[in-house]
Amino acid sequence: MVELTLIRHGQARTGARDEASYDSLSDLGHQQARWLGENLRSNAPFDGVISGVMTRQIETVESMVQGGALAGVAHSTDARLNELDYFGLAESLRLSHGVEIPRDIQSFALHVPLILNVWRDGNMDAGLETYDEFCSRIMGALHNAAGQDGRIVLVSSTGVIATLAAIALGLDMVKKTKLFLRVMNTSVHKFELVGDDLHLTQFGATPHLEHPDRAHARTYG
């Protein structure tokens, strides 16, 4: 049995209409990660950190280091921890179904289940990563991390974390969508990998954001 800790990146550039505009942390996102670093500093140390190659994921690691966690810990990257191609999928959905890309959080909450269902059913643009390919690559990243020595923490994104949780719990797409929408920025999740069996042991912990004066920092963007 191997325990793996997964962390979602800090708040990115919410309201963006494309990946390039979205893919960096906001000032609040950096602060969230620093607070998480301070919180983790008092826990048992990690021996390694692996992030995706996206800017927001790497910046989250850097700000956690500033907060006091992961100092001196080797940081490597694995593109298999990158987020699903939301903007690519959204454009494919727009062209095939006439569904416009959302401009506010309420529209986004309605948009996500449409994307996930059409994607799972194989009805997106043929040039995009398929749902099965996505599931395969993120499980591959988990197995790779499980083969490392010591305690490993992974920094990734909502779609990766929600999909792994759905796999571990055997959830259908409706329930997975609910998870997708409730993965808070810099939330901490724990999984156990026993052979090929994945188990979820902690979902969505945010002890670093539980101070009353940090309520504004409990974000999902």
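Nothing in this text is a laboratory measurement; each read-out follows from the coordinates by a stated rule. Since the structure is predicted, the reported quantities are computational estimates derived from the model, not experimental observations. Neighbour counts run over all protein chains shown; Cβ positions are idealised from the backbone, glycine included.
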Under 16 Å from the N144 label point (7 Å along Cα→beta-carbon), backbone N, the range 33-56: 48-55
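Helix-derived [θ] at 222 nm for the chain: sum -39500 (n - 2.57) over DSSP H runs of at least 4, divide by residue count, nearest 500?
On the way: 8 runs with 95 residues, N = 221.
So the helix-based figure for the chain works out to -13500 deg cm²/dmol.
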Calculated P(r) of the range 21-147 - Cα pairs past 24 Å, %: 44
Spin-label proximity, S76 to the range 123-148 - amide N less than 17 Å from point 7 Å beyond Cα toward beta carbon: 138-148
Normalised alpha carbon radius of gyration of the chain [divisor 2.2 N^0.38 Å]: 0.98
Peptides ranked, highest mean first, by Cβ atoms within 10 Å: ranges 32-43, 144-155: 32-43, 144-155
Mean projection area, nm², convex hull over Cα of the range 161-216: 4.2
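Which GluC sites (Glu not before Pro) does the range 44-138 hold that lie in a coil by DSSP with at most 11 other beta carbons within 10 Å? It would help to have the intermediate numbers written out before the result.
Working: sites: E59, E62, E83, E91, E100, E129, E133; in loops: E83, E100, E129.
Those that pass, being in a loop and sparsely packed, are E100.
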Within the range 83-147, trypsin sites (Lys or Arg not before Pro) in DSSP loop having at most 15 other beta-carbon neighbours inside 10 Å: R103
Inter-label distance for L169 and D213, nm, one decimal - labels placed 7 Å from Cα along Cα-to-Cβ: 3.4
